[in-house]
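Worksheet: the structure to be examined is printed underneath.
The values are calculated or read from the model by the stated rules, or taken from the named source; none is laboratory data. A quick note: this is a predicted structure, and the numbers were derived from the prediction, not measured. Positions of Cβ are backbone-derived with ideal geometry, glycine not excepted, and every protein chain shown enters the neighbour counts. For the accessible areas, the whole protein counts, side chains as well, though only heavy atoms, and no ligand, DNA or RNA atoms are used. Shrake-Rupley method; radii C 1.70, N 1.55, O 1.52, S 1.80 Å.
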Amino acid sequence: MAKDKLYLKERTVIKVDLHVHSKYSEHPSEWFLQRIGASESYTDPEFIYRAAKENGMSFVTITDHNKIEGVMRLKERHPEDVFTGLETTAYFPENGCKVHILIYGLGYTEYDEIQKIRKDIYQLRDYIKEKNLAYSVAHAMYSVNDRLSIEHLEKLILLFDNFEGINGARNKLNNNIWIKTLESLNPEKIGDLFKKHGLEPFGNMPWIKGLSGGSDDHGGIFIGKTYTMAEANNLQEFLDKIKSNKISADGRHNDFKSLAFALYKIAYDFSKSKSNNFSKSFISKLSSLFFENNALSFKDRLKIKKMKYSYKKGDDNVRDLITELIEEFRANNSLPIENKLDLIYSKIASIADEFARIFIKSIETDLQRGDVINLIKNISTSLPGIFISIPFFSTFRHLFQSRDLSEELKTRFNINKNKAKKILWFTDDSDFANTGFLKSLDESAALHHKNRDVKFVSCNIKTGKDVKVRQNIVNIPGIYSLELPWNKKTVFHIPSVLKSLQEVYEYDPDEIYISGSGPICLFGLFAAKLLNTKAVAVYDSDYSWDNNDLIEDDTISGIIDSYFKWFYSCMDTIKVLKKEHLNIFQQWNFEPNKIVFVKSNVKLSLYSAGDSRILEKDSSINLKERFDMDIFVKNLFDDEVNIDKRMYNRILHQRFSGY
């Protein structure tokens, strides 16, 4: 121990994971865990201590929700390098908005008092200040009970001086926006907030904030991967650095895959804790492969071998995929779990795709037979694939639920104001680059304005030379091509949901535009809802409507009509390019403010900015038509851009200069 103390005194930088949960935490706030009846964490405090030390943490704490028992027991075993921590749930009394506050170095007396006053965040702030407790506001932009507003964030900026800069359970977008917001503060902004809210700031220089870091680990996977740093020689000096805002955050941010695997881990721990329905489920059996590092027994290897060779390859090769997952995972068993995430995700996505493929084939058969009853029955076939995908869908919503707040923060605090808006445009027409309205739009010089980054998304099952690869086209992976029995010319390409979500996540669009209502566009709508971003339908002519005249079965026709109505009702905005199409949405009694008519003075199907005539002096595509096209694009995207002829000529020059 003496040697350890000497080593600690010689260090200048202390690293501590200031946000970790154990099995003593309260009930979970995450939907998936609530649905299966799991606790928030099953991690033993002693495991947290060992993992933190192995990952280079100088000291260890546990911050359970409104509980202090776990960290107190750990401190009794390791008094030299464990300090107490708590994540308390505080409330804005005016509307019950929940906020989580991390508090350190407290004893039972302080804990009991905090439990009494935490229902009022203003009293809690005053108590922290009076007792000079080390603290940090956890994941400030995460709306715990969906009541958080921009005004609450402004009040928090006044009330507190320490905030979690990097929360290891939140994505990089949320963490960075909040860090940039705090770094943008100055005396003038603090003064404006004081005048607005009348709250006395915490310290003497309230525009300077301390930034802490913590993994917010619940499953024992990422302990010590996100942490707080400070220059100190001992524990008391480190706590003093927190109190004086002289701390910084470092380490990993989260993404939807790693958060989902954390849920898998908690769910698996839940399945082991007691007998329940979840412990017998398909997802629980898969989870056992990920989190049990024991070597395979001879009996287990025989079972895998039998599974592999007893099942004939065919349309349904789910068992083969599971076998491949087992073998590849075991081959990489020595790697840390975070290094296995891509492998696991890829295999789970393939398994989910196979379940979906089986289901789609049954749909195709039922549609050909006109067997609606069997079509509905076959939905159960896809349930295992849906169930193993749910944690990924859940974590998307969890990570992006604060997008509206992020956008408002960027506006109010003047953050990233010159950043180009990123737009993903989904279409079911895999050959859109050569036909119709989207061709005209894609080749417009105005589309490539510096304030806008547009990429078109389609799904083409073909590979190799058949696929046209262009910089502004994203070809998401597909799993099946479905021909409609009543119209052989219409082919729907079905995307791989999980693999496509990965590509959408990496692009991180600000808005999603949708032309059509088939599988690709349905996926685009689904992605928009998961990302909590605006979904805009551009209704020129939905070729899906033309199929209704060819369908002889009134039941199937009715189902399709109901689907169309539901699909467009889910949009935030519907932009109509033809006046006659306004009648469709008027008949459905859609809200008038949801429908926008985008007027155009150009024939979109004929316009082509890439046409060689545009360079000719006496071009039939004249300046007025080009100018009209720019105005149309401006209106289509609601851009705050004043387009005049001089600006148009500059855009045109850039277009043909490889801009």
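Counting only residues that are out of contact with any helix residue (DSSP H, G or I) (no Cβ under 8 Å at 6 or more places or on another chain) and basic (K, R), how many does segment 145-194 have?
4
Within segment 23-47, take every residue that is in contact with a Gly (Cβ under 9 Å, 6 or more places away or on another chain) and under 21 Å from I166 (Cβ atoms) and give me the one that is modelled with the highest pLDDT. Show your work before the answer.
The first filter runs over segment 23-47 and keeps only residues in contact with a Gly (Cβ under 9 Å, 6 or more places away or on another chain), leaving 23-25, 41-45, 47.
Now narrow it down to the ones that are under 21 Å from I166 (Cβ atoms): 25, 41, 43.
Details: S25: 84, S41: 86, T43: 93.
The qualifying residue modelled with the highest pLDDT is T43.
Quick check on segment 230-249. Is at least one of its residues within 30 Å of E503 (Cα to Cα), touching a strand residue (DSSP E or B) at 6+ places or on another chain (Cβ under 9 Å) and part of a strand (DSSP E or B)? Steps first, please.
So in segment 230-249, the residues within 30 Å of E503 (Cα to Cα) come out as 249.
Now drop any that are not touching a strand residue (DSSP E or B) at 6+ places or on another chain (Cβ under 9 Å), which leaves 249.
With part of a strand (DSSP E or B) added as a condition, the list becomes 249.
Yes: one or more hits.
Give the residues of segment 223-252 that are of a type outside the set (A, V, I, L, M, F, W, C), open to solvent by less than 60 Å² (accessible area, probe 1.4 Å) and either within 30 Å of the chain's Cα centre (by Cα) or on the phi > 0 side of the Ramachandran plot (or both), sorted by residue number.
Answer for segment 223-252, where residues must be of a type outside the set (A, V, I, L, M, F, W, C), open to solvent by less than 60 Å² (accessible area, probe 1.4 Å) and either within 30 Å of the chain's Cα centre (by Cα) or on the phi > 0 side of the Ramachandran plot (or both): G224, T226, Y227, T228, N245, S248, G251, R252.
Looking at segment 166-188, can you tell me whether even one residue there is over 19 Å from V16 (Cβ atoms), more than 29 Å from the chain's Cα centre (by Cα) and either of a type in the set (S, T, N, Q) or open to solvent by less than 30 Å² (accessible area, probe 1.4 Å) (or both)?
Yes, that holds for at least one residue.
Mind listing just one residue for me: the one in segment 124-136 that is free of Cβ contacts under 8 Å to residues at least 60 places away in the same chain and farther than 19 Å from I68 by Cβ and, of those, surrounded by the fewest Cβ atoms within 10 Å (Cβ to Cβ)?
Looking at residues that are free of Cβ contacts under 8 Å to residues at least 60 places away in the same chain and farther than 19 Å from I68 by Cβ, I get E130.
Residue by residue through segment 54-68, note down the ones that are in contact (Cβ under 8 Å) with a residue 60 or more places away in the chain and either outside any loop (DSSP other than H, G, I, E, B) or closer than 12 Å to G224 by Cα (or both).
Residues of segment 54-68 in contact (Cβ under 8 Å) with a residue 60 or more places away in the chain: 54-59, 63.
Within segment 54-68, E54, N55, G56, M57, S58, F59 qualify.
Select from segment 93-121 the residues that are charged (D, E, K, R) and in contact with a strand residue (DSSP E or B) (Cβ under 9 Å, 6 or more places away or on another chain) and write down the one among them that is surrounded by the most Cβ atoms within 10 Å (Cβ to Cβ).
Selected residue: R118.
So T555 clears everything in (1) at pLDDT 80 or above; (2) part of a helix (DSSP H, G or I); (3) over 29 Å from S346 (Cα atoms) except one condition, right? Which one?
Only one criterion is unmet by T555, namely (1).
For segment 144-175, how many residues are of a type in the set (V, I, T) and assigned to a loop (DSSP other than H, G, I, E, B)?
Our first condition is that a residue be of a type in the set (V, I, T); within segment 144-175, this holds for 144, 150, 157, 166.
Pick out the ones that are also assigned to a loop (DSSP other than H, G, I, E, B) and you get 144.
Result for segment 144-175: 1.
Of the conditions (1) touching a residue at least 12 places away in the same chain (Cβ under 8 Å); (2) farther than 23 Å from G107 by Cβ; (3) open to solvent by 40 Å² or more (accessible area, probe 1.4 Å), A51 clears all except one; give me its number.
Result: A51 fails condition (3) only.
Being out of contact with any strand residue (DSSP E or B) (no Cβ under 7 Å at 6 or more places or on another chain) and open to solvent by 10 Å² or more (accessible area, probe 1.4 Å) is the filter here; which residues of segment 514-529 pass it?
L522, F526, K529 - these are the residues of segment 514-529 that are out of contact with any strand residue (DSSP E or B) (no Cβ under 7 Å at 6 or more places or on another chain) and open to solvent by 10 Å² or more (accessible area, probe 1.4 Å).
Of the conditions (1) of a type in the set (G, A, S); (2) at pLDDT 85 or above; (3) loosely packed, with under 14 Cβ neighbours inside 10 Å, S402 fails just one. Which one is it?
(3)
Within segment 252-264, count every residue that is at pLDDT 80 or above and either in contact with a His (Cβ under 6 Å, 6 or more places away or on another chain) or part of a helix (DSSP H, G or I) (or both).
Of the residues in segment 252-264, 7 are at pLDDT 80 or above and either in contact with a His (Cβ under 6 Å, 6 or more places away or on another chain) or part of a helix (DSSP H, G or I) (or both).
Conditions: (1) surrounded by fewer than 17 Cβ atoms within 10 Å (Cβ to Cβ); (2) closer than 16 Å to D17 by Cβ; (3) of a type in the set (K, R). R77 meets all but one. Number of the miss?
Failed condition: (2).
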